[in-house]
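What follows is one structure encoded as structure tokens, with my remarks underneath.
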Amino acid sequence: QIGAVIADNGSEKVRLIVSGSDGTANLTLNGANTNTGGTVLNGGVLLIGETGRLAGGGLTINGGYNSGSGILVQQIGAVIDSSNTVTLNGTGQLFLSGQQTLNGLVFNGSGGGSTPPTVDSGEGLLTLGAGGIVSNPLSPARPALLVGRVDLGNAPSTITVNTYDFNGVTDFAP
């Protein structure tokens, strides 16, 4: 558990990188972080506590091979800066609480495991900005999941689902 504030180093941006093994590493952030270099989660479980804040600079969630790894959970009261575009790779998962605004979502289905990249807005509302949604699927067996209420906001947003190569077919359209 980290209660201290993670901040930039003067004019140098600081990126928070959290790495954990499949499903066994848990870390809770409770500080009102101000770092602007972004956050990267490589496996494990990262909780943003009720007093915690993830600052801007982008958020990347890299899922592990097994389910239960590469999971970010926003607890009630926690803040994820609205300027963030969240990129979920492989089995990465994001669970939100309450009202949340994000610039956009990128789903990359590459990697092992059977869990698709997932964003779940819970009982709240996820509002997306100009970044919209981009999905880069790996196969039809693991489509990206966006669960819950989503508002595309006032900014012009796009939803892009790219093609993929599957079963000998190049540029297979989902």
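Projecting label points 7 angstrom from Cα along Cα→Cβ for I159 and I2 puts them 3.5 nm apart.
Sort I2, I61 by heavy-atom solvent-accessible area, probe 1.4 angstrom, most to least.
Details: I2 60, I61 0 Å².
Highest to lowest solvent-accessible surface, that is I2, I61.
Kindly state, to the nearest 0.05, the FRET efficiency for T34 paired with S110, given R0 = 41 Å and r defined as their beta-carbon distance.
On the way: r = 32 Å, r/R0 = 0.78.
Given R0 = 41 Å and the Cβ-Cβ separation, E is 0.80.
A probe of 1.4 angstrom, applied to the heavy atoms of all protein chains, finds S19 with accessible area near 80 square angstrom.
Assuming a ≥ b ≥ c are the square roots of the Cα gyration tensor eigenvalues, decide whether the range 132-174 counts as rounded (a/c under 1.5), prolate (otherwise, with a/b larger than b/c) or oblate. Note, shape of the range 132-174 comes out oblate.
Could you work out the Kirkwood radius for the chain, taking every pair of different alpha carbons, averaging 1/r and inverting it, reported in Å? Spell out each step's value before the answer.
Working: mean 1/r = 0.0615 Å⁻¹.
Value: 16.3 Å, from the Cα pair sum.
Of R149, R53, the residue with the largest accessible area leads and the full order is R149, R53 (1.4 Å probe).
Where both partners of a DSSP beta bridge lie in the chain, what percent of those bridges are antiparallel, to the nearest 5? Beta bridges within the chain, antiparallel portion: roughly 5 percent.
Evaluating 6.51 cos²θ - 1.76 cosθ + 1.60 at θ = phi - 60° for every residue in the range 120-134, the Karplus couplings come out as 10, 7, x, 8, x, 10, 9, 9, 9, x, 5, x, x, 10, 10 Hz, glycine and proline recorded as x. Note on L126: accessible area approximately 0 square angstrom, rounded to 10, probe 1.4 Å, nucleic acids and ligands left out. The slack in the chain from T170 to R149, taken as 0.36 nm per residue of separation less the alpha-carbon distance, amounts to 4.2 nm.
Rounded, prolate or oblate: which fits the range 1-88 when a ≥ b ≥ c are the square roots of the eigenvalues of the alpha-carbon gyration tensor, with rounded for a/c under 1.5 and prolate only if a/b beats b/c?
Prolate, since a/c reaches 1.5 and a/b exceeds b/c.
What does the convex hull of the Cα atoms of the range 38-104 come to per residue, in Å³, rounded to a whole number?
Working: hull volume 4.4 nm³, N = 67.
In the range 38-104, the Cα convex hull volume per residue is 66 Å³.
The values are calculated or read from the model by the stated rules, or taken from the named source; none is laboratory data. Computed from a prediction, not measured in an experiment: that's the story for all the values here. As a convention, Cβ positions derive from the backbone with ideal geometry for all residues, glycine included, and neighbour counts pool all protein chains shown. Just so you know, the surface numbers come from the protein's heavy atoms only, side chains and all, with ligands and any DNA or RNA stripped out. Shrake-Rupley method; radii C 1.70, N 1.55, O 1.52, S 1.80 Å.
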